[in-house]
Amino acid sequence: MLLYYFNCSRIKIEYPETINLTHSMALSTHTTTTGFLLPSIHSAPPFFTQQLHPTSLSIATEQWIQIILKYAKHRKLFTIRVEDSESPGNEWDEVLRNERINRRLLPSYLSYILAQMVSQKLAAYEPPQQDRSVLIYWRLPEEWAETLHEWVTSTGNLNTIMTFYEITDPPVESSLSGLPIPLLRQAIVILSKTNRAQVLTISEGEGVRFFPPTGKP
Amino acid sequence: MHRLNGVGLAAFDRHTSTARSYDVLSITLSTTQLNHLQSQLSSFRTALTSFAMNHRDDILHDPMFRHRFTQMCSSIGVDPLAGPRKGGWWAELLPGLGDWQYELGVQVVDICVSTRERNGGMIELAELVRLVRKLRGIPEGQEGQKANTITEEDIIRSVKTLGPLGAGYQIIDIGDGRKMVRSVPKELDSDQAVILSLARQPGKYGRITQNELVEEKGWTTGRARGALDNMLLRDGLCWVDEQDKVHDRVYWVTSAMKWD
């Protein structure tokens with residue numbers, strides 16, 4: 001009987017995110033100057049310290065990963081470094097610091113969070129062979145590959161040779177503007193596996209030619 | 001002896017016939033008693049049926065009435081929650097009460113599980129009642145209205161019905177009349193109960209330091225540190241903050257933190 005209810009009447013609980021003015025210490029959401037909505041956990045002082053209990057640590061880390069991914073997408077940021085938490089004055093200040101409660105994400109914890117992101121394939125160390133800086137996949141390389149192919153098709157650039165620069169810095173801004181070269185390269189590799197792209201050596205260095213999905217040149 | 005029972009075969013016959021007479025009498029008596037009991041039971045059943053029928057809405061919707069009703073049931077040894085699973089006639093009488101209680105149990109589980117991340121599996125009973133009411137769409141601030149509201153009694157009963165599931169749901173009294181529902185099967189020692197209670201004091205918002213326990217509760221540093229570290233490291237009931245201006249380490253009891 002009880003199991004029946006578990007299956008049939010599962011109810012989702014929604015917690016409205018409202019700002020309570022009567023309790024200054026109550027944890028509430030906060031909208032940053034760039035218009036990013038920080039969850040209420042971001043106003044909890046212990047959130048900025050690496051937790052010692054494994055369950056607490058994984059809960060907090062998961063929250064941090066979500067915040068980093070969402071903020072990266074919000075501001076189209078591709079890189080985060082351990083140094084970003086060491087001193088203020090960079091594009092991650094709003095997230096890595098909370099001046100209202102006088103807390104900052106400790107560098108050693110950020111380093112741990114980045115390692116978790118890499119292990120979950122939500123980021124990659126860039127450049128490789130170090131662990132202080134990562135390339136953030138707020139879109140997965142596979143998703144970038146599709147975005148790239150759609151953009152090439154819609155701008156009529158199929159079958160022509162393009163430089164990497166023409167893709168990442170086009171005259172008309174696109175969703176690929178500012179895409180880091182390592183991520184572009186990964187997207188091209190993914191497309192070439194289905195015969196939709198081919199890397200060529202051209203006079204200016206490297207170029208790429210895209211093909212329609214049928215795979216014929 | 002001789003004269004009463006006689007001798008020889010005649011005595012044996014008489015003995016047998018006496019025994020048979022007693023048997024007959026005993027069967028007659030117990031049949032009468034059984035009939036009597038059955039008629040009593042059936043009139044009780046009829047009375048209870050009509051009572052349940054007449055007051056069904058009250059039982060399902062009025063918390064005070066429901067409380068009295070379940071008290072009455074337990075005093076006469078009837079379990080209103082025996083329910084459909086046991087297929088008893090009770091379930092036929094009061095369709096809905098067992099379901100109602102189970103449903104409430106499911107909502108309690110739902111809330112306990114979905115808030116576990118933020119409170120470590122300990123939730124204050126009053127908060128649980130508030131969330132259940134919210135879940136059921138009962139407007140806040142109308143506790144006075146008797147219709148459809150949920151009381152702490154109802155929640156406690158529901159938590160008890162969850163017992164057979166073995167999930168370890170328990171009601172814990174942390175002193176000064178406040179109760180918490182624990183949804184993780186862990187032992188809570190008395191020191192932890194004191195810490196929980198202190199962390200819930202107005203203005204603390206879950207924040208606790210070793211010094212507070214030493215100063216306000218007269219504990220030794222070792223006892224305070226040990227109890228806090230147990231909660232932190234062993235049970236995951238609090239989070240640690242190492243960026244406080246004054247204290248090296250501040251503990252935050254997640255179930256006492258106030259979230260909007």
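Things worth noting here:
- Nitroxide proxy distance, nm - points 7 Å out along Cα→Cβ at residue B:189 and residue A:181: 6.1
- Segments A:202-211, B:226-235 sorted - mean Cβ within 10 Å per residue, highest first: B:226-235, A:202-211
- Here the Karplus relation 6.51 cos²θ - 1.76 cosθ + 1.60, evaluated at θ = phi - 60°, turns the backbone of the range A:195-210 into coupling constants of 6, 9, 7, 8, 8, 10, 9, 10, 4, 7, x, 10, x, 9, 10, 9 Hz, with x for every Gly and Pro.
- Computed on the range A:38-109, with alpha-carbon pairs under 8 angstrom and 6+ residues apart, the relative contact order is 38 percent.
- Euclidean distance between Cα centres, the range A:113-160 to the range B:203-260, Å: 42
- Residues A:134, A:172, arranged from fewest to most other Cβ atoms within 10 angstrom of their Cβ, appear as A:172, A:134.
- Extended-chain gain in nm, criterion 0.36 nm per residue less alpha-carbon gap, residue B:234 and residue B:130: 34.5 nm
- Take each residue in B:203-210, count the other chain C-beta atoms within 10 Å of its C-beta, and the mean is 2.
- Rounded to the nearest 500, the helix-only mean residue ellipticity at 222 nm of chain A stands at -11000 deg cm²/dmol, with each DSSP H run of n ≥ 4 adding -39,500 (n - 2.57).
- Mean per-residue shielding of peptide A:52-58 is 6, counting Cβ atoms of other chains within 10 Å of each Cβ.
- Relative contact order computed over chain A (Cα-Cα under 8 Å; 6+ residues apart), in percent: 13
- The gain in end-to-end length when the residue B:258 to residue B:173 segment is fully stretched comes to 28.6 nm, 0.36 nm per residue minus the alpha carbon separation.
- Order of A:199, B:194, B:108 under a 10 Å beta carbon neighbour criterion, fewest first: A:199, B:194, B:108
- Our estimate of slack between residue B:113 and residue B:50, defined as 0.36 nm per intervening residue step minus the Cα-Cα distance, is 18.7 nm.
- Remark: the range B:205-213, residue by residue, has Karplus-estimated 3J(HN,Hα) of 6, x, 7, 9, 10, 4, 4, 4, 5 Hz, where x stands for each Gly or Pro and the curve is 6.51 cos²θ - 1.76 cosθ + 1.60 at θ = phi - 60°.
- Scanning residues 5 or more positions from residue A:103 or on other chains, those with amide H under 5 Å from its amide H are A:98, with H placed 1.01 Å from N in the peptide plane.
No value in this document is a laboratory result; all are computed from the given coordinates. Treat the numbers as computed from the prediction; the structure is a model and nothing was measured. Cβ coordinates were reconstructed from backbone atoms using ideal geometry, including for glycine residues, and neighbour counts include every protein chain displayed.
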